[in-house]
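Working notes, structure below.
The values are calculated or read from the model by the stated rules, or taken from the named source; none is laboratory data. What you are looking at is a predicted structure, and each value in this text was computed from that prediction instead of being measured. Cβ placement follows ideal geometry from the backbone for every residue including glycine, while neighbour counts extend to all protein chains displayed. We work out accessible area using only protein heavy atoms, side chains counted, and drop any ligands, DNA or RNA first. Shrake-Rupley method; radii C 1.70, N 1.55, O 1.52, S 1.80 Å.
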Amino acid sequence: MGEFFEKILSWFDSTHVQEQVVNVDYVGLFTNPWFLVPFVLAVGYLLYKQSFKELIVIVAFIGVWYASGTNYMQTLVVGDELQIEKILPVLFGGAALLAFIIYIFFGRSD
């Protein structure tokens, strides 16, 4: 079973996905019409259909994506050590966001 996970990790490392996500040009992305037009159309469609649950998930995803690139997130690991006093707010914030999304989808009735 360990070989299976090692193969997956080596494949993931060979694709350099993590480096690509870190090096995303946000300004270039949100001014690129090949991304912006479908994104605006999708958000407009969700507004037309009044699918506010999906809009909340999209906003949460964009917020997490933005927060992951901040200086605070870059200082969570110093050297090889995880800074526990900095990781706890991130964990509680993530748990609160996850609880809110679960509440939106399963706790409310429309």
C-alpha long axis of helix 2-15 to longest principal axis of the chain, angle in °
70 degrees
Once every DSSP H run of n ≥ 4 in the chain is given -39500 (n - 2.57) and the sum is divided by its residues, what mean residue ellipticity at 222 nm do you get, rounded to the nearest 500 deg cm²/dmol?
-23000 deg cm²/dmol
On C-alpha positions alone, give me the angle between the axis of helix 84-102 and the longest principal axis of the chain, in degrees, nearest 10.
30 degrees
Keeping the other protein chains in place, figure out the carbon and sulfur percent of the accessible area of the range 42-110, with a 1.4 Å probe.
69 percent
Give, as ranges by residue number, the residues of the range 69-110 whose backbone N falls under 19 Å from the point 7 Å along Cα→Cβ of Ile62.
69-70, 97-98, 101
So with the 1.4 Å probe, I'd like the accessible area per residue for the range 7-95, rounded to whole Å².
80 Å²
Helix 33-48 sits at what angle to the longest principal axis of the chain, using alpha carbons and giving 0 to 90 degrees rounded to 10?
50 degrees
Separation in nanometres of the label points that stand 7 Å from Cα toward Cβ, at Val40 and Gln20:
2.6 nm
